[in-house]
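Below you'll find the structure, written out as structure tokens, and then a few comments.
Every number here is computed from the coordinates shown, using simple stated rules; none is lab data. Remember, predicted model here, so these are calculated numbers, not experimental data. With ideal geometry, Cβ positions are generated from the backbone for all residues, glycine too; neighbour counts draw on all protein chains shown.
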């Protein structure tokens, strides 16, 4: 392959990667924006919040009222005693209602959708705005092995 | 001029070291957005050819699937192995002359970006398969689009970091290995 042809190939390859990565990144931010927009349209929302203490005790706060745009941590603190630490990636929940994380057990949050079933929270609870009719669930569970087991 | 026997011994020794380094890298903690396995696999491919490059890539990702500090790869393991073996294969196909010209830095930077994008597209396919499994009601194609979009920031981070790593590191690493082999 001549140097000119080789250079042309690499320039095309670079532009291709740039176009693909830029498109995906734009799609990602569009998805975040649309999601947040949809969740914060209503000033007052109602959602279901559950706590599973890992010992058979499950507590549900159905149709809990909150402000549109409130995060999961805000709403959890409305109904439970929460101890948390703020890190650069967001809040880390140390305990809920005096049930503390240990080396092998921790509070992990999940959401329920008809489409996917249970999905583990992708970000810290203080960065996740809940939407109207959404179901969130705190599960005190074994975190010594990954992937974590889905709530029962 | 080293004898053929000595060259073979050096090749075996160097390849063994590369396998050991590749395996060791998998158990080390690293910040998200930074990994050295692709560069190592690519450089191995350039020096030892596509078959050994691909084999090393597949092997280290097999190890990664069990020992990574990010957790077990599970269903994603074959996709990670395939992705990394493609990087090793392309390394073997890439013709880098033995003179360390600036052109090769630019070319390897572009290859780093492209191969990282290909790798993450393949591993995202693995996550999409996982996401499309029951009880999920979405199709594989829908899952694939979702996962590509959700994983965009990771793809971007790794693409940028590997562009820099390949652009800066591939040429000196390959030249050093060639020197060690007396080529």
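Assorted remarks:
- For peptide B:102-112, the mean count of partner chain Cβ atoms within 10 Å of a residue's Cβ comes to 3.
- Anisotropy class of the range B:29-88 from Cα gyration tensor, a/c 1.5 cut: oblate
- Relative contact order of chain A: 25 percent, from C-alpha pairs under 8 Å at least 6 residues apart in sequence.
- Peptide A:20-29 shows a mean partner chain C-beta count of 6 within 10 Å per residue C-beta.
- Relative contact order for chain B, counting Cα pairs under 8 Å that sit 6 or more residues apart, in percent: 27
- For the range B:106-129 versus the range A:110-126, the inter-centroid distance based on Cα atoms is 27 Å.
- Cα-derived Rg over Rh, computed across chain B with Rh taken as Kirkwood radius: 1.02
- Beta-bridge orientation, chain A: approximately 85 percent antiparallel, per DSSP, counting only bridges with both partners inside.
- Neighbouring partner chain Cβ atoms per residue of B:149-157, average, 10 Å criterion: 5
- q = 0.07, 0.09, 0.15 Å⁻¹: log10 I(q)/I(0) that the Debye formula gives for the protein assembly as shown, counting C-alpha atoms only: -0.39, -0.60, -1.24
- Binning the alpha carbon pair distances of the range A:58-110 at 10 angstrom intervals from zero yields the distribution 20, 54, 24, 2, expressed in whole percent.
- Sequence ranges B:143-156, B:27-40, ranked by mean other-Cβ count within 10 angstrom, highest first: B:143-156, B:27-40
- Using distinct alpha-carbon pairs, which all enter the 1/r mean, Kirkwood radius of the range A:101-152 in Å: 11.8
- Burial order of peptide ranges A:122-128, A:59-65 (average beta-carbon count within 10 Å, highest first): A:122-128, A:59-65
- Considering helices alone, the calculated mean residue ellipticity of the protein assembly as shown at 222 nm is -19500 deg cm²/dmol, with DSSP H runs of length four and up weighted by -39500 (n - 2.57) and normalised per residue.
- D by Stokes-Einstein for chain A, Kirkwood Rh over Cα pairs, 25 °C, 0.890 mPa s: 137 µm²/s.
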